[in-house]
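The values are calculated or read from the model by the stated rules, or taken from the named source; none is laboratory data. Remember, it's a predicted structure, so these values are computed and weren't measured experimentally. Virtual Cβ from ideal backbone geometry, glycine too; neighbours counted across all protein chains shown.
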Amino acid sequence: MIDINQFKAVIFDMDGVLIDSEPLWKIGMQRVFDSIGCNLTKKDFQKTVGLRIDEVIEYWYEVSPWEGYSVKEVETQIMSEMVKLIHENGVPLPGVVDTIRFLKEEGIKIGLGTSSFTVLIEAVLNTLNLTEAFDFVHSAEDEASGKPHPAVYLTVAEKLGERPVDCLVIEDSVTGIIAGKAARMAVVAIPEKTHEPNPKIIVADYEFENMNLFLNAIR
């Protein structure tokens, strides 16, 4: 059981929380990296889960440099591939729509704080029919640092008009959990199923197998 009324706002991560997009990210990135001669595998990409896409590309350029394409050009290609994959395959994860509906009925503010860039936020929310679901939506694209830095969550709390300690974050990755905790927020972990188990997830305040179980706990 969680007394949801002790919180004034719930802030959702997006990838792996609203939509099962992590497999799509791995497909999209592998396609693009293969096309530029950078042979990375889907398993490799687990190392950069939760980071902004520009940080992901810079990381892999340091590990396995390629020639002929700038970081920005690779980013644009991956964004284009991801928008297409989301429109073709995107559905809300089980329990997401019902959880959002319940929180609204309880009068709790709802925010979205994600490492994904705005073009992908728009693709996801349009595809999932959630464009009107959130009181404030924010991308770490607009922050100096992405997760695990808490900036994206602190901005969402500020725009919602709530203190960080009155906010509950829902995350799927250790990187995001650290960001939420660093923002002095309580954090629910719903681990993304394609990730290898990470014992560091224990730093979250609560852990659930899926969103439906979280919903049952707050009802």
Hey, I190 hits all of (1) closer than 30 Å to E88 by Cβ; (2) surrounded by fewer than 21 Cβ atoms within 10 Å (Cβ to Cβ); (3) under 13 Å from the mean Cα position of the chain (by Cα); (4) not polar (S, T, N, Q) but one; which does it fall short on?
(2)
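Listed here are the residues, each with its yes/no results for (1) among the charged types (D, E, K, R); (2) surrounded by fewer than 19 Cβ atoms within 10 Å (Cβ to Cβ); (3) part of a strand (DSSP E or B).
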site	(1), (2), (3)
R101	yes, yes, no
G107	no, yes, no
G113	no, no, yes
E122	yes, yes, no
H138	no, no, yes
S145	no, yes, no
V152	no, no, no
T155	no, no, no
K159	yes, yes, no
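How about region 49-76: which of its residues are part of a helix (DSSP H, G or I) and surrounded by fewer than 19 Cβ atoms within 10 Å (Cβ to Cβ)?
Initial filter on region 49-76 (part of a helix (DSSP H, G or I)): 53-63, 71-76.
Selection gives D54, E55, E58, Y59, Y61, E62, V63, V71, K72, E73, T76.
Among the residues of region 104-114, is any in contact with a Cys (Cβ under 6 Å, 6 or more places away or on another chain) and in the same structural domain as A151 (by TED's automatic domain parsing)? Break it down into steps so the answer makes sense when it comes.
Initial filter on region 104-114 (in contact with a Cys (Cβ under 6 Å, 6 or more places away or on another chain)): none.
No: zero hits.
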Search result, residues across region 11-39 that are assigned to a helix (DSSP H, G or I) and hydroxyl-bearing (S, T, Y):
S35
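Out of contact with any His (no Cβ under 7 Å at 6 or more places or on another chain), in contact (Cβ under 8 Å) with a residue 60 or more places away in the chain and surrounded by fewer than 21 Cβ atoms within 10 Å (Cβ to Cβ): does that describe D166?
When the stated conditions are applied, D166 passes them.
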Scan (1) farther than 27 Å from E88 by Cβ; (2) surrounded by fewer than 21 Cβ atoms within 10 Å (Cβ to Cβ); (3) in contact with a strand residue (DSSP E or B) (Cβ under 9 Å, 6 or more places away or on another chain) for the single condition A133 breaks and write down its number.
(1)
Does V152 count as in contact with a helix residue (DSSP H, G or I) (Cβ under 9 Å, 6 or more places away or on another chain) and over 18 Å from I100 (Cβ atoms)?
yes
Can you report the number of residues in region 200-219 which are surrounded by 15 or more Cβ atoms within 10 Å (Cβ to Cβ) and more than 17 Å from G16 (Cα to Cα)?
2
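Can you give me the number of residues within region 1-29 that are more than 15 Å from N89 (Cα to Cα) and at pLDDT below 90? Please lay out each step first, then the result.
Let us first name the residues in region 1-29 that are more than 15 Å from N89 (Cα to Cα), namely 1-14, 17, 29.
Then drop every residue that is not at pLDDT below 90, which leaves 1, 29.
Residues meeting the conditions: 2.
For region 28-51, state whether one or more residues are touching a strand residue (DSSP E or B) at 6+ places or on another chain (Cβ under 9 Å) and not assigned by TED's automatic domain parsing to the domain that holds I178.
yes
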Can you work out which of the residues in region 101-126 that are of a type in the set (V, I, T) and touching a residue at least 60 places away in the same chain (Cβ under 8 Å) is farthest from E22 (Cα to Cα)?
I108
Within region 6-57, residues being within 15 Å of the chain's Cα centre (by Cα) and polar (S, T, N, Q) number 3
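Report yes if some residue within region 163-183 is under 24 Å from W25 (Cα atoms), part of a loop (DSSP other than H, G, I, E, B) and either at pLDDT below 95 or in contact with a Phe, Trp or Tyr (Cβ under 6 Å, 6 or more places away or on another chain) (or both); otherwise report no.
Here is the first cut: in region 163-183, the ones under 24 Å from W25 (Cα atoms) are 169-180.
Next cut, part of a loop (DSSP other than H, G, I, E, B) only: 172-173.
Still in the running and either at pLDDT below 95 or in contact with a Phe, Trp or Tyr (Cβ under 6 Å, 6 or more places away or on another chain) (or both): 172-173.
Checking region 163-183: at least one residue is under 24 Å from W25 (Cα atoms), part of a loop (DSSP other than H, G, I, E, B) and either at pLDDT below 95 or in contact with a Phe, Trp or Tyr (Cβ under 6 Å, 6 or more places away or on another chain) (or both).
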Of the residues in region 30-43 that are surrounded by fewer than 17 Cβ atoms within 10 Å (Cβ to Cβ) and not aliphatic (A, V, I, L, M), the one that is modelled with the lowest pLDDT is K42
